[in-house]
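The values are calculated or read from the model by the stated rules, or taken from the named source; none is laboratory data. Computed from a prediction, not measured in an experiment: that's the story for all the values here. Reconstructed Cβ throughout: ideal geometry from the backbone, glycine too, with neighbour counts over all protein chains shown. Keep in mind that these areas ignore ligands, DNA and RNA; they rest on the heavy atoms of the full protein, side chains included. Shrake-Rupley method; radii C 1.70, N 1.55, O 1.52, S 1.80 Å.
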Amino acid sequence: QVQLVESGGGLVQAGGSLRLSCAASGSIFSINDMGWYRQAPGKQRELVASITSAGRTNYPDSVKGRFTISRDNAKNTVALQMNSLKPEDTAVYYCNAALWSGPSNNRRYQNLWGQGTQVTASS
């Protein structure tokens, strides 16, 4: 069984920094895109950052210049460094990975989510 396990998050004052990490484990063949999403109360889940297997990154304007996504393909991990946090960044953050898993005779494509981790930036 393949799963994504997140760590990091917590409470920080506005202007502070936090780092989120996510590790994929299980019978993984390859991972395509990885990313971070967030969902604030009463709002839809939105993309925060994404990174391809080749290392190309994408950010919405709301976090560009403040957040940095990185990944380690050898370890099947992705991280999100968040600097200059604002109260509006407060949300549950979710790791996401699009990957191929299973043995060669039973390979399948999955879009997985982590369990979510709370990030709170207080004013």
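When both residues are 6+ apart or on different chains and their Cβ atoms are under 6 Å apart, which pairs have a first residue that lies in the stretch 33-55 and is at pLDDT below 95, and a second that is surrounded by 10 or more Cβ atoms within 10 Å (Cβ to Cβ)?
none
Please count how many residues of the stretch 47-62 are closer than 29 Å to TRP100 by Cα and out of contact with any Pro (no Cβ under 9 Å at 6 or more places or on another chain). Can you show your working first?
Initially, the stretch 47-62 is screened for residues closer than 29 Å to TRP100 by Cα, giving 47-60.
If we keep only those that are out of contact with any Pro (no Cβ under 9 Å at 6 or more places or on another chain) too, we end up with 50-60.
Qualifying residue count, the stretch 47-62: 11.
Under 8 Å between Cβ atoms, which residue pairs at least 6 apart in sequence (or on different chains) link something in the stretch 1-28 that is without any contact (Cβ under 8 Å) to a residue 40 or more places away in the chain with a partner that is surrounded by 14 or more Cβ atoms within 10 Å (Cβ to Cβ) and of a type outside the set (S, T, N, Q)?
From residues that are without any contact (Cβ under 8 Å) to a residue 40 or more places away in the chain, the pairs are GLN1/GLY26.
Could you list all residues from the stretch 82-104 that are out of contact with any Leu (no Cβ under 8 Å at 6 or more places or on another chain) and either within 20 Å of SER17 (Cα to Cα) or of a type in the set (Asp, Glu) (or both)?
Scanning the stretch 82-104 gives ASN83, SER84, LYS86, PRO87, GLU88, ASP89, THR90, ALA91, VAL92, TYR94.
Among what's in the stretch 1-41 and is among the β-branched types (Val, Ile, Thr) and farther than 22 Å from GLN118 by Cβ, pick the residue that is most open to solvent (accessible area, probe 1.4 Å). Reasoning before the result, please.
In the first step, residues of the stretch 1-41 are kept if they are among the β-branched types (Val, Ile, Thr); the result is 2, 5, 12, 28, 31.
Now restrict to residues that are farther than 22 Å from GLN118 by Cβ: 2, 28, 31.
Details: VAL2: 20, ILE28: 40, ILE31: 17 Å².
This residue is ILE28.
Go through the residues of the stretch 93-114 one by one and say whether even a single one is in contact with a Cys (Cβ under 9 Å, 6 or more places away or on another chain), touching a residue at least 12 places away in the same chain (Cβ under 8 Å) and open to solvent by 70 Å² or more (accessible area, probe 1.4 Å).
Within the stretch 93-114, one or more residues are in contact with a Cys (Cβ under 9 Å, 6 or more places away or on another chain), touching a residue at least 12 places away in the same chain (Cβ under 8 Å) and open to solvent by 70 Å² or more (accessible area, probe 1.4 Å).
Mind listing whichever residues of the stretch 76-92 are within 19 Å of GLN115 (Cα to Cα) and of a type outside the set (A, V, I, L, M, F, W, C)?
Once the filter is applied, which keeps residues that are within 19 Å of GLN115 (Cα to Cα) and of a type outside the set (A, V, I, L, M, F, W, C), the stretch 76-92 yields ASN76, THR77, GLN81, ASP89, THR90.
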